[in-house]
Amino acid sequence: MTNMSVNPTLARIYRFFINFCDFEGFSTTITDDDHARQRPPPRRAHHRLRRTRTTGPASPTRPAEKKRLPEDELLHGTAPRGNVTPIGEEGAPPPASRPRRERAAYGAAHQRRRTTPPREPPRTGAPPRKPDKPSLPPRPRVPTRLPHTHYKGKPTTPSSGRTFTRQETEAKAWGLNFRDVLIALGRKEGDGLGADCAGIVTRVGRDCRSSLRPGDRVCMVAEGCMRQYPRAHEGRVLAIPESLSLETAASVLVPGLTAYHCLVDIARLRKGEWVLVHSAAGSTGQMAVRVAQMLGARVLATTSSDEKRRFLKDTFGIPEEHIFHSRTKSFAAGVMRITEGGGVDCVLNTLSGDGLRASWECMAPFGRFIDIGLADINANAALPMAMFSKNVSFRAVNLMWLGEVVTADLLEKTMRLVDDGLIQPPQPLHVFGLPEVEKAFRFLQSGKNIGRAVIRPGADDVIPRWMANRGAKHLIVPSRSGAASKAAAELVSNLTAQGVNVAAPRCDVSARSELDRMLAECKRNNMPPVRGCINASMVLQDTIFENMTLPQWDLTMRSKAQTAWNLHSLLPGNLDFFVLLSSLAGVIGQSSSANYTAGCALQDAVASYRVTACGQRALSLDIGWIGNVGIIAETAAYQRRRRTDQDLQTIDDTELLALLTMACDPDNPLSRPPPASTGQVLFGLRTPADFLAREQEPPAQFGRPIFGAFSYIPGSGTQSTSPPSAQAPVDQPAKLFRQAADAEERVQIVFRALARKLAVAMSISAEDIEPSKPLSSYGVDSLMAVELRNWIGREFATTIAVFEIMGGAPISRVANLVAQRSTIGGTE
Ligand SMILES: NC(=O)c1ccc[n+]([C@@H]2O[C@H](COP(=O)([O-])OP(=O)(O)OC[C@H]3O[C@@H](n4cnc5c(N)ncnc54)[C@H](OP(=O)(O)O)[C@@H]3O)[C@@H](O)[C@H]2O)c1
């Protein structure tokens, strides 16, 4: 493999890695009781920053979920897995006045810490908590092993009986803090890994006052949020401004809020005042420098290396003589020299021991010393008291100690400053995929980092990287948006750094002339001839066929069929591989995406034509749905549908890569001309036998003759077409319906069947479905309505219109209609 065209970016597909997909949290996992320990809910109006909401109108290709269940529903929105259970705060004390509550929250958190003996940092000889024996410990020595950086696989189940003021988010990017490293090393206690993250709202507690909805992009500051579906009080969650990516938003949170809280709320730093920022090249240090400069304060900084010193000078314009070395006490003399003996008005301290005391000695009268390192505080170390005669104050700040009211305020103010461009996120952003999580921890542990480390569930460049790792030296990665996105730009720069000649041109491959032009341009730029091609382009425009507009049809169709045909026509005929990433949807059909299924079927036809008529290599890879990467994995609504339909098996990115390894192998007979192959492979298709073996009724489409040969249950010795009789009667509504004694019972049977169907589709509990509510209030949209209509037709032998399902009639009324119209006879 020397030169390949990867169309399009393929970037989107590889968002997650197998080992870490579907995780619930790192080994230090918070239980719901931990969650319940959160502070009582504030009574306040919600985020004004909502004006900067990012999602806006749902993108035409990626519908954002906007559904909210009614007020008396336990939760709003979609549940990623399992039954709906309330999220909220157990045993929350009765509401008190706001300041009291805040104080109580602080006090409780503080108390908890005081009563829990600190495990970190290592103690010197004297027993802790004896102020008369000051023994400032050295900076914690971090062992080389990170024993706790693996994931838990099981979701936690929230317990009941709470108020529902919390929100659940599917996290897509987590900030990594030094606190996490210490927890992972077992050197610090805490309520779990993670303190800040960004993602997509999945569920909203019933009593939430915020206007956030499932599908909204949000950021969150909450202890223990390093898990797939973190939950937090609504005060700790905020819509992400449109200008920020999820990763950038995540990078701002703890550092930004800490800096703002310390310098604005606590220090009340003013124009012209001197502030000493320790560890200024780190994320919090950078945010603090930004805030200080915004306020017009004069910044002195410390850092630990020449590289960081240069960075501070170049990035923030801090004069070199104002930057000191943080690993020795010599900075103190420098500070006093620059301030002409006056000292600094504020210190943002991260140092411990001698470093802390040296900083303390630099205070100007009325100075504010704010300790965010907390090492000496945790060690109960002593502080020379004489300095207090200068009216200085000493404060300690840990963002995790703050209650929801303060946190909400900080979130709003800080993110607004970032959105308005008044302060910038920490730079550079080091984004680690989940497989690199240990690397991320080590990176932070090394102390050499500048900027912020963010973990996200996957990297965008896995297929091209996979290709590069397999020896590809030249890659063309076209897409309609080109390298405009940050992810695409990163892809190009990463691969270039790896020595790969990569081009990510803007090109609509479905337009023949554009593709032609782009290929000519690549040739002019000395790209060698293309030797292989993977086509992974796709645009989804799902809607039921009756409602599908021509542009919707066209856009999806072109992204599959035209791209395949143009690539076939314009690329050399003697490619080593020509892989069309298609879908089983083209084989079994899908009511909600006729355009996509047709496009996939046409891709199959193009591959078949290449192989059989042209004698060229080609393979249409018809896969099910990819559970951990790509658009389905990223979009809750699509995922929910796939899980409900159960017609396709899910695969993950590792399996996909394995398939591609096989498909791109020029010696693989599957992509050779007949009789070896007809150019199509189905992977992950369920068969009627799969369902029957699990004592389930196969979906209707599996009744088609094409599946006739697949009803054989291995080991049974028989060809079966119906589920074994052992099937629970509750799963056989038609049978129950036939056996019902009277009309009333039939209505009840229909209602219960509808509730069960709805419960599975929406991941909620059937018991929570109320007959008096319309189906739409449980999130049934027009696509789901079509599925329900088809299912009702099959189960109860009757026709009911989509508008009758969606029209706002209570579920009991729908059940009545079905029971009345059913052509199934009375008692068997
Ligand atoms: N995700 C799944 O579960 C799943 C299941 C079965 C099959 N597949 C197949 O796997 C492939 C990738 O899926 P995915 O989930 O990664 O999709 P995705 O995230 O939506 O990515 C599709 C990519 O196609 C590009 N694209 C769309 N139209 C294009 C055009 N006319 N010219 C050039 N580029 C175009 C898009 O970039 P621009 O918008 O910038 O152009 C985007 O990068 C698709 O072929 C899909 O059919 C996926």
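Each value in this text was obtained by applying a stated rule to the coordinates, not by laboratory testing. Every value quoted in this text rests on a predicted model; they were computed, and no experiment measured them. Cβ sites come from the backbone with ideal geometry, for glycine too, and all protein chains shown count toward neighbours.
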q = 0.17 Å⁻¹, the stretch 729-821: log10 I(q)/I(0) [Debye, one scatterer per Cα]: -0.64
Other-chain or far-sequence residues with amide H under 5 Å of Arg506's (modelled H): Ala483
Intensity falloff of the stretch 541-656 expressed as log10 I(q)/I(0), Debye formula with alpha-carbon point scatterers, at q = 0.17, 0.20 Å⁻¹: -0.88, -1.12
Ile544, Ile240 arranged by Cβ crowding within 10 Å, fewest neighbours leading: Ile544, Ile240
Members of Lys271/Lys329; Lys308/Lys439; Lys271/Lys390; Lys188/Lys448; Lys308/Lys329; Lys313/Lys390 lying beyond 25 Å, as alpha-carbon distances in this model show: Lys271/Lys329; Lys313/Lys390
Cβ-defined net charge surrounding Asp508, 9 Å radius [Lys, Arg +1; Asp, Glu -1]: +2
Local electrostatic count at Asp604 - Lys and Arg +1, Asp and Glu -1, tallied over other residues with Cβ under 14 Å: +1
Phi to ³J(HN,Hα) by Karplus 6.51 cos²θ - 1.76 cosθ + 1.60 over the stretch 262-276, Hz, x for Gly, Pro: 5, 7, 8, 6, 9, 6, 6, 4, 10, 3, x, 6, 8, 10, 9
Length gained when the stretch Thr799-Glu242 is fully extended (0.36 nm per residue, less Cα-Cα span): 196.1 nm
Electrostatic dipole magnitude of the stretch 327-468 [Cβ: Lys, Arg +1; Asp, Glu -1; Cα centre; debye, to 20]: 440 debye
Karplus-derived HN-Hα couplings along the stretch 363-379 (A = 6.51, B = -1.76, C = 1.60, θ = phi - 60°), whole Hz, x at Gly and Pro: 6, 7, x, 6, x, 10, 9, 10, 9, 10, x, 6, 4, 5, 5, 4, 8
Anisotropy class of the stretch 203-347 from Cα gyration tensor, a/c 1.5 cut: prolate
Interchain or long-range residues, amide H under 5 Å from Phe394's placed H: Phe369
Prolate/oblate/rounded label for the stretch 176-242 (Cα gyration tensor, a/c 1.5): prolate
Per-residue Cβ neighbour rank within 10 angstrom, fewest leading, Cys600, Cys614: Cys614, Cys600
Ranked list, fewest to most other Cβ atoms within 10 Å of each Cβ, for Glu340, Glu273: Glu340, Glu273
Amide H partners (placed H, <5 Å) of Ala453, local residues excluded: Leu176, His430
In order through the stretch 704-709: 3J(HN,Hα) via Karplus (6.51 cos²θ - 1.76 cosθ + 1.60), integer Hz, x for Gly, Pro: 5, x, 4, 9, x, 7
